[in-house]
């Protein structure tokens, strides 16, 4: 069963589907890619996006933060961090 997510701060027309063999294979390949090259921003971004779609915000957040560690101005990663933190019930900014 597919549902369309499009809430505030979420990409429009983002499809969330149950994992299938193709998704699992893709995630495995992306995980292997980032294990070989941890600074591969494209692979990490795609992996984080898939993990979000599979409702795994903690793992997605880890990957979005890794993208930001390589490129702190990456807008897609900043938006991903905000979405994941919101889903996890964490504040977007810490009180210092």
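Pairing each residue of the stretch 43-65 that is at negative phi and in contact (Cβ under 8 Å) with a residue 24 or more places away in the chain with any residue that is crowded, with 19+ Cβ neighbours inside 10 Å and not in a helix (DSSP H, G or I), provided the two are 6+ apart or on different chains, yields no C-beta distance under 7 Å.
Assess whether residue 21 counts as being out of contact with any strand residue (DSSP E or B) (no Cβ under 9 Å at 6 or more places or on another chain) and modelled with pLDDT of 95 or more.
Working: out of contact with any strand residue (DSSP E or B) (no Cβ under 9 Å at 6 or more places or on another chain): yes; modelled with pLDDT of 95 or more: no.
No.
Taking the stretch 63-80 as the range and being part of a helix (DSSP H, G or I) and in contact with a helix residue (DSSP H, G or I) (Cβ under 8 Å, 6 or more places away or on another chain) as the test, the residues that pass are 63, 64, 65, 66, 67, 68, 70, 76, 77, 78, 80. Residues in the stretch 45-76 that are crowded, with 21+ Cβ neighbours inside 10 Å and over 8 Å from the mean Cα position of the chain (by Cα): 67 only.
The values are calculated or read from the model by the stated rules, or taken from the named source; none is laboratory data. All figures in this text were calculated on a predicted structure; none of them were measured in a lab. Here the Cβ is made from the backbone with ideal geometry for all residues, glycine too, and neighbour counts use every protein chain on show.
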